[in-house]
Amino acid sequence: MTDLLTQPGAVPYPTEPATDAHHVVIVGGGFGGLYAAQALGRSPVQVTLIDRRNFHLFQPLLYQVAPGGLAPGDIASPLRAVLKQQANTKVLLGDVVDIDTDSQRVILKRGQTVPYDSLIVATGGTHHYFGNDHWEPIAPSIKTIEDALEVRRRIFLAYEAAEKEPDLDKRAALLTFLVVGGGPTGVELAGALADLAFGTLEKDFRNINTYETKIILVEGMDRVLPPFPEDLSTNAAESLATLGVEVRTRTLVTAIEGDLVTLKSGDAEETLRTKTVLWAAGVKASAMGGILAEKTGVACDRGGRVMVEPDFSLANHPNIFVVGDLAHYAHQNEGRPLPGVAPVAMQGGKYVAQLIKSRVAEQPTPKFVYKDSGSLAVVGRNAAVVNLNWIKFTGFPAWMIWLVVHIFYLIEFDNKLVVMTQWLWSYTTRNQGARLITGRDVDKVEDVMRGEIRLQK
């Protein structure tokens, strides 16, 4: 790695006037980083939050941007707006590319440096193609707003191209959507596609019948939603089938070449023709995991997640903490790592903030205990599964619980109000108003769907 510390122009980032306060630098404005920053708001410390984006993204609802159910601004909150009432906190827009553990500085892409007394790294994860990264341009995932807009573009371009396609075989390929991965994201995306095809778009076209849409969800395990209890997985699969989604378990994608996808189930192989493949099969840690491993000697798991101590610190580096999807925390739950879900990141971020406050005040440090309140996933209109550990819900009651929980955890009040209003309108009218095709090549529908133009840069 190039030593950014020796590059010309590698100077400290402009800061507030010198202060003796303990300086906490947080890298990443997702759930872990933002909850840590908020928990430190009234503490006698100085906080600097650094993110390559100027907003916090509510990722659990990102899949609804793809079919046009929500607009990006509905689920994103500017970090400066969220933290503006915290006088001890400042936000920097920047990309952290290195860490100098000896001098306790993080290094930004253009060479600026920010010193820290305590460092919290919460840079999350990205999509994982299990060694097939060349599939990414053909089978996009949904981890960022740009990803969701690209997926939305492809979904609606497929329908627009089908409207103009006289060849029945080519039209069938345009109206076939393959979702890879039967976890919560895959299930929710497949259900949203079904609601779109068999509800919202029902009367929008004249030359095609959107009921001819074929939505296929493939999962390598023996059931969808593997982390959920088996009865809830079964209910989710049945709900998907009722919505019109074809669910195939114990099925793997072995090749993607143009509009041909090879599926393998046991010893049997099948070639499927589709113009739209959407990836929801795996997550790996961000590149920051490798940087931390190189600089601190800490170990990472196969997914690139950093092995952390019981207090989320790194071995031999008690002032560096890793929370959220980047952390491999295996100190409870019988040695199994905590899942990469928002509640784990939230609780981890708040815990590390409390630990730092206790250290600064020279008080005993608390012990972290993750409180698992359960899990939930929406399948489609009036259909969801909820496991609260002590009780389970399916169908409409689960769907209502899912709505309330997601509204509650949205960061800003205006986001809560807008999303609640949008959902009520969509439920009443079956209309999804953010069905916009964006991008430089929207006038080249045929080229896009032939694969000659794939990914917007």
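Before moving on, here are some points about what is shown:
- Taking other residues whose beta carbon is less than 11 angstrom from the beta carbon of PHE156, and scoring Lys, Arg as +1 and Asp, Glu as -1, yields +1.
- Probe 1.4 Å, all protein chains present, accessible-area order of TYR409, TYR211, TYR370, largest first: TYR211, TYR409, TYR370
- Estimated at the nearest 10 Å², the accessible area of PHE55 is 50 Å² with a 1.4 Å probe.
- Over segment 286-418, the fraction of Cα-Cα pairs per 10 Å bin, rounded to whole percents and listed from the shortest bin up, is 11, 32, 30, 21, 6, 0.
- Placing +1 on the Cβ of every Lys and Arg and -1 on the Cβ of every Asp and Glu, with nothing else charged, gives segment 231-312 a dipole about its Cα centre of roughly 200 debye.
- Sum of side-chain charges, VAL247 neighbourhood, beta-carbon under 14 Å (Lys, Arg +1; Asp, Glu -1): -1
- Here segment 216-365 carries DSSP beta bridges of which approximately 70% are antiparallel, counting only pairs with both residues inside.
- Only one residue of THR251, GLY131, SER426 has its Cα farthest out toward the positive end of the dipole of the chain, where Lys and Arg carry +1 and Asp and Glu -1 on Cβ, and that residue is SER426.
- Assuming charge only on the beta carbon of Lys and Arg (+1) and of Asp and Glu (-1), the dipole of segment 44-137 about its Cα centre is about 420 debye to the nearest 20.
- Entry note, the chain: relative contact order of 19 percent, from Cα contacts under 8 Å with a spacing of 6+ residues.
- Within the assembled protein chains, the solvent-accessible surface assigned to PHE396 is about 100 Å², based on a 1.4 Å probe.
- Partner lysines for LYS90 [C-alpha distance under 23 Å; skip if fewer than 8 residues away on the same chain]: LYS109, LYS350, LYS357
- Taken over the C-alpha atoms, segment 193-290 has Rg and Dmax values of 16.1, 52 angstrom.
- Counting only protein chain heavy atoms and rolling a 1.4 Å probe, the accessible areas of GLU165, GLU188, GLU212 rank, largest first, as GLU212, GLU165, GLU188.
- For the chain, carbon and sulfur atoms together expose 53% of the accessible surface, with a 1.4 angstrom probe and every protein chain in place.
- Surface accessible to a 1.4 Å probe, HIS22 within the full protein complex, Å²: 50
- Of all DSSP beta bridges in the chain, antiparallel share, percent nearest 5: 50
- Net dipole in debye of the chain [+1 Lys, Arg Cβ; -1 Asp, Glu Cβ; about Cα centre; nearest 20]: 860
- Straight-line cross-link partners of LYS295 among the aspartates and glutamates, defined as a Cα under 15 Å from its Cα and at least 8 positions apart when in the same chain: ASP3, ASP98, ASP100, ASP102.
- With a cut-off of 14 Å between beta carbons, the residues surrounding LYS284 carry a summed charge of -1, where Lys and Arg count +1 and Asp and Glu -1.
- Rolling a 1.4 Å probe over the heavy atoms of the protein chains gives segment 289-405 an accessible area of 48 Å² per residue.
- ILE50, ILE437, ranked by accessible area, largest first (probe 1.4 Å): ILE437, ILE50
The values are calculated or read from the model by the stated rules, or taken from the named source; none is laboratory data. These figures come from a predicted structure and were not determined experimentally. For neighbour counting, all protein chains shown are included, and Cβ atoms are generated from backbone atoms with ideal geometry for every residue, glycine included. These accessible areas exclude ligands, DNA and RNA; they are computed on the full protein's heavy atoms, side chains included. Shrake-Rupley method; radii C 1.70, N 1.55, O 1.52, S 1.80 Å.
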